[in-house]
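Asker: The structure under discussion is supplied below as structure tokens; questions concerning it will follow.
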Amino acid sequence: MPSSRPLRADARRNREALLAAAREAFLTGEADAHVEEIARRAGVAVGTLYRHFETREALVEEVYRQEVDELCAAPAKLLDEHAPDEALRRFLLLLVEHAAVGKGMAVALESIMATDSPVFDDARTQMAEALGQLLKAGKEAGTIRGGVSGRTLLRALGGICGMHATEGWQDEAVHITAILFDGLRFGAQTAG
């Protein structure tokens, strides 16, 4: 059971190195990388890995959780740098890119799908909230139509990104996302 007290500096560095090594392995398609190999790449002993992550699945879960946290932190920065509609457009493209990167993690993620892990529900909730924040800002600016929730938009995008088994899917997903975005702008001043 992980302690709630802060990690010592060396322990924090070890944890970060383990997560970076695992992330690199999973995202480059080495989903079956063994914990021993991940520990070696991180420059620590396998016992250190198990002190931070009780199971390989816990490590996979944390890597995925970090990916989602980074992705869902993007809207605030995008809204600081761009008009709300442009921020939404850019975030939609980030979600397509996340799906492409997630393809490299798909096999690793299968190991936690059979568990009671809330990681996927949490990820969907975070992504829907991030989209909701952008939709609200766009509606308030009069550049995005109302009446569309973050969850609905995430489901639409999920359908688009679900094509990742086909050749050239990412280019097609970007094109379909552009069409979806145009639909979100249509009638922005009058849609409620």
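The values are calculated or read from the model by the stated rules, or taken from the named source; none is laboratory data. This one's a predicted model, so the numbers in the text were calculated from it and none came from an experiment. Cβ: placed from backbone, ideal geometry, glycine included. Neighbour counts: every protein chain shown. Ligands, DNA and RNA are stripped out before the accessible areas are found, and what is left, the full protein with its side chains, is counted by its heavy atoms. Shrake-Rupley method; radii C 1.70, N 1.55, O 1.52, S 1.80 Å.
Asker: So, counting K/R as plus one and D/E as minus one, what does the shell of residues with Cβ under 11 Å around N14 add up to?
Answerer: +3
Asker: Using θ = phi - 60° and the Karplus curve 6.51 cos²θ - 1.76 cosθ + 1.60, what whole-Hz ³J(HN,Hα) does each residue of region 44-55 get, with Gly and Pro shown as x?
Answerer: Taking θ as phi minus 60°, the curve returns 10, 7, 4, x, 5, 4, 6, 5, 8, 9, 4, 9 Hz for region 44-55.
Asker: Going by average Cβ neighbours within 10 Å, how do the peptides 58-65, 175-182 rank, with the highest at the top?
Answerer: 58-65, 175-182
Asker: Please give the Cα centre distance for region 22-49 versus region 144-185, rounded to the nearest Å.
Answerer: A separation of 33 Å, based on Cα centres.
Asker: For E16, what accessible surface area do you get with a 1.4 Å probe? Give it in Å², rounded to 10.
Answerer: 110
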